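Read-outs: derived from the displayed coordinates by stated rules, not from any lab. Predicted, not measured: the structure shown is a model, and the values here were computed from it. Positions of Cβ are backbone-derived with ideal geometry, glycine not excepted, and every protein chain shown enters the neighbour counts.
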């Protein structure tokens, strides 16, 4: 193997360390010469390229940090070519790639200084993938390392690990994909040296203590990967970027704080939506007052500084939210710290769909619609990591009008995909097995109003609609979003957070589950992480809240309906000899198309001979089953067959079709008890007759008798 030469004359630097049972290596200087920083990360047979670009000019007109992080799947990394007949090149990222991009973004974004307005981009490209290992956490390490090497003010490093529970109930990092799928817990934890920054999990009703212990295990497990990144940065001797921060004008903030001093506080602590209306009125008055004041000055135009004053207004409002919670244990809408917003829900609200619900928590409202279809409607998945079918899907939609904004209708963004996936994961653990309920299930949440915690409203409304549709869930699921305000080292944990607490708080912690345990989890930090002990306390308080919400849901619908909607397809299955599949399909699919058209059914055939017939009409299903049985039935010696068509008449007898595609000979001597001279004297082509199968010879030819059939019918 040859040697790579760095065109800038720099050395190739490589560091490595044992990490969760394998060697983790970081290498710089081999590729990506014109990027701000690039690193090749290797872990076993998984290789990920992490690249980072950081701009050198501030973007003054933005009021947010322009950071983008992407995860690129490459089919070649898994030794695959796309199964699509038309598109072989990677294009739009798969939902999995979008979700992993979000997974990497969430622990990295809070670690940049407020007011940093230089454009930054991180990309993780998977170059080689071990099929038994998910590369997402190695991709996170790659992006974190690349940002560290840019010299930008990124307060990392961060690292992540995927944790499961083995058969003995012990925690294990980087278990195989199959073990995670069948196990009780699939937990991703990312953090810094001192704290946890992000959590995401799917679980099969794991207890709060089990999850909390796994968080502690995971945070300890990531430390070697963090140490290795620091070691590389020291060896590279990274040059720090010079930068300036765009911070609020202290004089503007002081003027705004003084104007608002007597207008905030207790007077604004009102239930939603009354609080929102009061704030809108206050905000309008605020801008009117300052516009009048500033426009009176010579050569001044308030519109030029309006955004700056508006930002100061929102900053003061967020500080007031924190003050009310920390000093008075009172939330913006007057609730106690562990109090849930008013709840209401109903099911069966739409007449023609298979299942529907409307779930309302405060001003947040979610409508869910469930559609059932045969298994042939499952989504085909063809990505770098997966190849197969997806039987259960949850889709989440939240147009601009749900937050009172004018917004173009476009395809789902990263937020919509992420929220839909979280709600989908929440219900996956309680769905019936395919053998018990052979349906493809699509659940769609249409958000009707947003005021915080819409993904948890989507979870609750989805559960209600699934039960309304008659899906036999193992247990119902509810969800709640927990928040946090930190005052020094003292945490104030909030149940069921709304918008003001989300924007002004330090944590967004979403947890879903049944009475028996947790089914999904997602936590994001807005500060530099939390200890496992604080997260354990949030989990415990969250359990009380979600059980309260679940109790309300069960008053609306306690158990799944026993009968499906009259508009939902009924599905019945029969088993046939796999060698007979071709008889059902027919030449060029002609036979199966005829069956489905004439019986108004849908038919799905598996390779093992399982045939599923679907239709809202039971009579149609029975007709299709009868047809299929005729096509696949084996001739039985001694059986009498009625209404059989005479196919042809010859000098020595007649050929008769006893079942589709199977003919036998009625010899002239077997037509009547008395002697028959010519077969044509007894039957003609197209006649229907009754025959008995008397024998099958060693070549599979059927020997039929009209005489024997007539004789048996007289007995």
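Taking 0.36 nm per residue of separation and subtracting the Cα-Cα distance, full extension of the segment from residue 387 to residue 526 would add 46.4 nm. Helix 414-428 and the longest principal axis of the C-alpha atoms of the chain enclose an angle of approximately 60°. Computing Rg and the Kirkwood Rh from the Cα coordinates of region 250-328 gives a ratio, Rg/Rh, of 1.01. For residue 34 and residue 128, a Förster radius of 30 Å and the Cβ-Cβ distance give a FRET efficiency of 0.85, rounded to the nearest 0.05.
In terms of packing, defined here as the mean over residues of other Cβ atoms within 10 angstrom, the peptides 509-518, 538-547 line up highest first as 509-518, 538-547. Give me log10 I(q)/I(0) at q = 0.08, 0.17 Å⁻¹ for region 343-556, Debye formula, one equal scatterer per alpha-carbon, no solvent. Listed by q, the Debye log ratios stand at -0.28, -1.20. Convex hull volume per residue, computed on the Cα atoms of region 23-135, equals 143 Å³.
Assign one of three labels to region 461-549, namely rounded, prolate or oblate, based on the Cα gyration tensor with a ≥ b ≥ c the square roots of its eigenvalues; rounded applies when a/c is under 1.5, prolate when it is not and a/b is larger than b/c, and oblate otherwise. Prolate is the answer for region 461-549, as a/c is 1.5 or above and a/b outweighs b/c. Distance between Cα centroids, region 535-583 to region 184-226: provide it in whole Å. The two parts, judged by their Cα centres, are 28 Å apart. Ordered from longest to shortest, the equivalent ellipsoid semi-axes for region 138-193 are 30, 10, 6 Å, each the square root of 5 times a Cα gyration tensor eigenvalue. Label-to-label distance for residue 65 and residue 708 is 8.7 nm, based on points extended 7 Å past Cα in the beta-carbon direction. Grouping the Cα pair distances of region 587-715 into 5 Å bins from zero gives a pair-distance distribution of 2, 10, 17, 18, 14, 12, 11, 8, 5, 2, 0 percent in increasing distance order. Suppose R0 equals 60 Å; then what is the FRET efficiency for residue 547 and residue 643 from their Cβ-Cβ distance, rounded to the nearest 0.05? Efficiency, from the Cβ-Cβ distance: 0.40. The long axis of helix 590-599 is offset from the longest Cα principal axis of the chain by roughly 80 degrees.
Given R₀ = 45 Å, what would the calculated FRET efficiency be for residue 182 paired with residue 119, taking r from the Cβ atoms and rounding to 0.05? It comes to 0.55.
To test your reading of the geometry: what angle, between 0 and 90 degrees and rounded to tens, separates the Cα axis of helix 250-260 from the longest principal axis of the chain? For helix 250-260, the angle is close to 80 degrees.
Cα centroids of region 440-458 and region 1-65: 39 Å apart. Estimated at 0.36 nm per residue, the fully extended path between residue 166 and residue 401 surpasses their Cα-Cα distance by 80.0 nm. Normalised by 2.2 N^0.38 Å, with N the number of residues, the alpha-carbon radius of gyration of the chain equals 1.27.
Put a dot 7 Å past the Cα of residue 56, heading toward its Cβ, do the same for residue 235, and the two dots end up 2.8 nm apart. Computed over all pairs of different Cα atoms, the Kirkwood value for the hydrodynamic radius of region 13-236 is 18.1 Å. Region 83-153 and region 235-302 have their alpha-carbon centroids 35 Å apart.
Taking 7 Å steps out from each Cα toward its Cβ at residue 293 and residue 475 produces label points 5.7 nm apart.
Taking other Cβ atoms within 10 Å as a rough exposure proxy, 394, 552 sort from fewest to most as 552, 394. Our Cα-only numbers for region 375-433 put the radius of gyration and Dmax at 14.5, 43 Å. Here the translational diffusion coefficient of region 570-632 follows from Stokes-Einstein with Rh set to the Kirkwood radius across Cα pairs; for 37 °C and 0.692 mPa s it amounts to 290 µm²/s.
In square nanometres, what is the average projected area of the Cα convex hull of region 640-713?
One quarter of the hull surface, i.e. the mean projection, equals 4.6 nm².
By other beta-carbon atoms within 10 Å, ranking 401, 259 with the fewest at the front produces 401, 259. Each principal axis of the Cα cloud of region 523-652 was evaluated for its coordinate range; sorted largest first, these ranges are 95, 35, 29 Å. Subtracting the Cα-Cα distance of residue 251 and residue 80 from their residue separation scaled by 0.36 nm leaves 55.6 nm.
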